[in-house]
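Here the structure comes first, spelled out in structure tokens, and everything after it is commentary.
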Amino acid sequence: MLILLIMAAGVFVGYFWLPKKLCRLNTWIQLGCTVVLVFCMGVVLGMRKNFWEELASLGFWSLLLAVLPMGCSAALVFLLTRFWEKRKEKKEES
Amino acid sequence: MAIFVILALLLGVACGQVFFSEETAGFISEKSEWVLMLLMFSVGISVGTNRELFQKLRRMDLRVWMVPVGVILGSLLGSALCGVLAPFGFLPTLSVGAGMGWYSLSGVMLSDFYGAEVGALAFLSNLLRELISFLTIPLAVRYLNPYAAIALAGATSEDTTLPILMRHSSAEMVVYSVINGVLTSAAVPVLLRMFYIS
């Protein structure tokens, strides 16, 4: 909830105040923050005492349990949105 | 971008393993919340500067609901397929996939429900989902469509993966991403509890 409020504050600042010149700097800030966040995720992973043992024993299943749900989600959403767009096109034609 | 992400991850793991003490690593992971907040503020600014977006908001359609429904059903379908084969039991495996990328919550909840092994599996697998999203979102936008890219990100589409989604698609997608993130994040604890009870 707090995150959404902070984002809303950003929208407010961007809409009413931010000069166009600073937009490019804003893009760099996003890139920097993303890299720092991924670094922090790496630290969280690395600080687990049994990290290598866990990776060796659970690595395959972790990967499969990440990739299959991702793949099925993307495929399902792709098919649903595609179907919806086609239906909309047909309606517009008729 | 992808190369920076991979390097940052490897450097982070190395620092967590070798260079940082437990206190330093704990401090960094705790303070990463502030980086996330700065990122969200910056994403908000990008949305605010895009005046066209506010006009498009009025024309939102059924796809706003289609994306989270597809993400939840697809994640459950994918983890159910794994559940048939995995040695952890069907419902624990289904619960891991139902984390939809929210590794902190699913790791802690599933440790409580099913023990440390399933908790570690949930943590690793959902963290991997987030990391793989960073690398595959640009490909999904290019070869499928932006909605499928949001689906890859799962519950993280409202925060960490949002800048990548926006960078590779359009500012219009921010609305779909945030709504998907909010709805799927809300569904995660409900689904985990539901599978545990049953």
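No value in this document is a laboratory result; all are computed from the given coordinates. Everything numeric in this text was worked out from a predicted model, so none of it was measured. Note that each Cβ is placed from the backbone with ideal geometry, even for glycine, and that neighbours are counted across all protein chains shown.
Checking the structure you have, find out if any residue of the stretch B:33-40 is over 29 Å from A:LEU5 (Cα atoms), among the acidic types (Asp, Glu) and out of contact with any strand residue (DSSP E or B) (no Cβ under 7 Å at 6 or more places or on another chain). No; the residues of the stretch B:33-40 include none that is over 29 Å from A:LEU5 (Cα atoms), among the acidic types (Asp, Glu) and out of contact with any strand residue (DSSP E or B) (no Cβ under 7 Å at 6 or more places or on another chain). Of the helices (runs of 4 or more DSSP H) lying entirely inside the stretch A:2-94, those containing at least 2 residues that are more than 19 Å from B:LEU10 (Cβ to Cβ), of a type in the set (S, T, N, Q) and within 8 Å of another protein chain (Cβ to nearest Cβ) span A:23-46, A:51-93. Scanning the stretch B:154-179 for residues that are in a loop (DSSP other than H, G, I, E, B) and within 11 Å of chain A (Cβ to nearest Cβ) turns up B:ASP159, B:THR160, B:THR161, B:ALA171.
Listed here are the residues, each with its yes/no results for (1) assigned to a helix (DSSP H, G or I); (2) at the interface with another protein chain (Cβ under 9 Å from one of its Cβ atoms); (3) charged (D, E, K, R).
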site	(1), (2), (3)
B:CYS15	yes, yes, no
B:LYS31	yes, yes, yes
B:GLY48	yes, yes, no
B:GLY78	yes, yes, no
B:VAL84	yes, no, no
B:PRO87	no, yes, no
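Is it the case that some residue within the stretch B:59-74 is more than 9 Å from chain A (Cβ to nearest Cβ), over 30 Å from A:GLY46 (Cβ atoms), more than 22 Å from the chain's Cα centre (by Cα) and not in a helix (DSSP H, G or I)? Yes; the residues of the stretch B:59-74 include at least one that is more than 9 Å from chain A (Cβ to nearest Cβ), over 30 Å from A:GLY46 (Cβ atoms), more than 22 Å from the chain's Cα centre (by Cα) and not in a helix (DSSP H, G or I). For beta carbons closer than 8 Å, sequence separation of 6+ or different chains, a first residue in the stretch B:22-38 that is in contact (Cβ under 8 Å) with a residue 24 or more places away in the chain and a second that is in a helix (DSSP H, G or I), the qualifying pairs are B:LEU36/A:ILE3; B:LEU36/A:CYS33; B:LEU36/A:LEU37. Which of the residues spanning the stretch B:111-153 are more than 7 Å from chain A (Cβ to nearest Cβ) and in a loop (DSSP other than H, G, I, E, B)? Residue satisfying the conditions is B:GLY115 alone.
Among the residues of the stretch B:107-146, just one is farther than 30 Å from B:SER170 by Cα and of a type in the set (S, T, N, Q), namely B:SER111.
For the residues A:GLU54, A:GLU85, the requirement of being surrounded by fewer than 16 Cβ atoms within 10 Å (Cβ to Cβ) and more than 17 Å from the chain's Cα centre (by Cα) singles out A:GLU85. Of everything listed in (1) more than 7 Å from chain A (Cβ to nearest Cβ); (2) in a helix (DSSP H, G or I); (3) within 21 Å of B:LEU7 (Cα to Cα), the single unmet condition for B:GLY101 is (2).
For the stretch B:106-122, filtered to residues that are in contact with a Phe, Trp or Tyr (Cβ under 8 Å, 6 or more places away or on another chain) and within 19 Å of A:PHE60 (Cα to Cα), the residue that is surrounded by the fewest Cβ atoms within 10 Å (Cβ to Cβ) is B:GLU117.
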